[in-house]
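First comes the structure, then the notes that go with it.
Values quoted throughout were computed directly from the atomic coordinates according to the rules given, and no laboratory measurement underlies them. Predicted, not measured: the structure shown is a model, and the values here were computed from it. Cβ placement follows ideal geometry from the backbone for every residue including glycine, while neighbour counts extend to all protein chains displayed.
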Amino acid sequence: MKHETLREVVKGYMYSLSAKIQEKFPDELDSGSIIYGQDFSNNVFIMRKEQWDNCSCGAYNEENWGNDEIECTCDFRNFVFAFDGSFSCNWYKHINRSFECSDMPLDAWTSIFVRCYDSLR
C-alpha cells in the first residue's frame, strides 16, 4: 500500500479514537471538536492534542524563541501505542494537518486500532 493511502487510513483511525473517547468521557474532557484529538491515556495508548506550548525543556522559553540552534527534546507525539513509543502519530493542530505516522503495514495499524478501540469499551 502506498504511504499516502496508509496515512489516510490511519488518520481515519485517529478520528475514530478521538470520537470514541469523547463519547465515553463527555463530562471529563474538553468538549472541543474531535479533529484535534483528545488529552487521554490508558494502559493501551496515549492521545494528546497539540502540545507545543507545554515545552518543559526550555527550548521554547521566551529568551530562546526564534533560535533555530536550540532543539526541543520534549515528547510531543500526539498518539503513542502501548507506551513503548514504537508506534506513533504526529499532527500539527488537528489530525488532518501535517499528519505523520510510523511506517508499517496496514494490518499492523488495524490491529493497533482495534486494541485501542476495544480498550475504550
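Some values worked out for this structure:
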read-out	value
Angle in degrees between helix 3-24 and the longest Cα principal axis of the chain, rounded to the nearest 10	80 degrees
Placed amide H near residue 45: partners under 5 Å, 5+ positions off or other chain	82
Radius ratio Rg over Rh of segment 3-118, counting only Cα atoms, Kirkwood formula for Rh	0.99
Fewest-first sequence of 110, 73 by Cβ atoms within 10 Å of each Cβ	73, 110
Under DSSP loop assignment and at most 13 Cβ neighbours within 10 Å, longest GluC sites (Glu not before Pro)-free interval of the chain	72-121
In degrees, nearest ten, helix 106-118 long axis to first principal axis of the chain (Cα)	90 degrees
